[in-house]
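The values are calculated or read from the model by the stated rules, or taken from the named source; none is laboratory data. Fair warning: this is a prediction, and the values are worked out from it, not measured in the lab. Reconstructed Cβ throughout: ideal geometry from the backbone, glycine too, with neighbour counts over all protein chains shown.
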Amino acid sequence: MGAGIQQRAADDVRRRRRRGRGGAMAEINVTPMVDVMLVLLIIFMVAAPLLIPGVEVNLPETAAEALPSEQEEPLTVTMLADGSVQIQTTPVEAAALVPRLQAIAAERSGDKVFLRADGSIPYERVMQVMGALNAGGFRSIALVTDSGGPRLDGQDG
């Protein structure tokens, strides 16, 4: 009878060991999730430069902070080094600028516009385009620059 009890006890120990190995794991395997996140990161890193308007402009550098993002994408007006003006990526003649802006302002809910001007353009010409933007119905004009320029307080940005 003693041998039967010892045999049952040995069988119970074996069953417990098997359950521990073959049962559900209490740990979460995060390797597949990390793989997916790294793939998404690479996709966004490749796609982000494609979202910037495709007009090449040599922007001046300033120490100003970036503006907070908005829900509606702001209109982008670009002044190229040769003096031509583009709305988003569409070239616009100077005479047709105000009527085109008025038509665009009528369709938009916001009056925010980004003005990107090449650093070699005279200040007078930039102010003329800003006046056209104001006449076209856009009251919130943000001048776009590159960061890292001089700060005018003796320190380099």
Quiz item: Limited to region 64-91, what total is found for residues that are crowded, with 17+ Cβ neighbours inside 10 Å and either within 20 Å of Tyr123 (Cα to Cα) or modelled with pLDDT under 85 (or both)?
Solution: 9
Exercise. Using the structure shown, decide if Met37 is more than 13 Å from the chain's Cα centre (by Cα) and either at pLDDT below 85 or not small (Gly, Ala, Ser) (or both).
Key: yes
Exercise. At least 2 residues that are under 17 Å from Pro60 (Cβ atoms) in each: list the strands (runs of 3 or more DSSP E) lying fully within region 75-137 that qualify.
Key: 75-79, 112-117
Quiz item: Considering region 78-118 alone, what residues qualify as being farther than 13 Å from Gly136 by Cβ, of a type in the set (S, T, N, Q) and in contact (Cβ under 8 Å) with a residue 12 or more places away in the chain?
Solution: Thr78, Gln86, Gln88, Thr89, Ser109
Quiz item: (1) closer than 22 Å to Leu50 by Cα; (2) in contact with a Lys or Arg (Cβ under 9 Å, 6 or more places away or on another chain); (3) not β-branched (Val, Ile, Thr): which one isn't true of Asp111, the others all being true?
Solution: (1)
Quiz prompt | Boolean, Glu61 is surrounded by 10 or more Cβ atoms within 10 Å (Cβ to Cβ) and either over 30 Å from Leu152 (Cβ atoms) or touching a His at 6+ places or on another chain (Cβ under 9 Å) (or both) | solution = no
Practice problem: Please tell me if Ala95 is assigned by TED's automatic domain parsing to the domain that holds Ser140, exposed (fewer than 12 other Cβ atoms within 10 Å of the Cβ) and either at pLDDT 80 or above or among the aromatic types (Phe, Trp, Tyr) (or both). | Solution: yes
